[in-house]
Amino acid sequence: MPVAHAAAKPAVFGPTVLRELNRVRAQYHLPPVTSDRRMSSGAFQHSRDMAHRHYFAHGAWSGRVARAAGQAKSIGEVLGWLSPSSAEGEARWLVRNWLASPPHRVVLLNGTFRRVGIGRAAGQLGASSAAVYTVDFATPR
């Protein structure tokens with residue numbers, strides 16, 4: 001996990017993860033995903049709930065993501081947590097580790113996904129300070 005140091009403003013984290021996702025997708029000749037405000041709000045609420053209630057799980061993710069995504073043929077979700085770091089450090093660490101996990105890799109490299117919601121919340125997981133991420137994906141409306 002990255003070493004904690006001065007973190008950037010919270011609004012920087014989502015766009016930085018989006019850039020890293022699209023950088024990797026481009027390497028695989030996949031179309032970029034674009035940020036969806038409603039999906040990001042839902043992703044943030046889930047990350048905040050996990051951080052404040054000290055758990056790490058998808059829960060009833062399909063209903064939550066489907067509601068936020070509206071009319072979508074397919075949806076996906078990845079979660080991550082790590083020690084708070086810089087926006088760039090967190091984005092690189094998360095995407096690299098998701099790509100190394102077969103079920104997460106399938107979601108990140110799904111060429112039909114075009115929209116994404118990215119939520120990050122700081123809190124505690126166990127005895128550790130954590131940045132908790134929820135990233136939701138959907139096909140076009």
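The values are calculated or read from the model by the stated rules, or taken from the named source; none is laboratory data. Given the structure is predicted, the values throughout are model-derived calculations rather than measurements. A quick note on method: Cβ atoms are made from the backbone with ideal geometry, for glycine too, and the neighbour counts reach across all protein chains shown. SASA here: full protein model, heavy atoms, side chains in, ligands and nucleic acids out. Shrake-Rupley method; radii C 1.70, N 1.55, O 1.52, S 1.80 Å.
If you go through region 16-62 and keep only what is open to solvent by less than 60 Å² (accessible area, probe 1.4 Å), touching a helix residue (DSSP H, G or I) at 6+ places or on another chain (Cβ under 9 Å) and hydrophobic (A, V, I, L, M, F, W, C), you end up with Val17, Leu18, Leu21, Val24, Leu30, Val33, Met39, Ala43, Ala57. One residue stands out among those in region 113-141 that are outside any strand (DSSP E or B) and over 15 Å from Glu77 (Cβ atoms): the one that is most open to solvent (accessible area, probe 1.4 Å), which is Arg141.
Residues in region 64-98 that are in a helix (DSSP H, G or I) and open to solvent by 30 Å² or more (accessible area, probe 1.4 Å): Arg64, Ala66, Arg67, Glu88, Arg92, Trp93, Arg96, Asn97.
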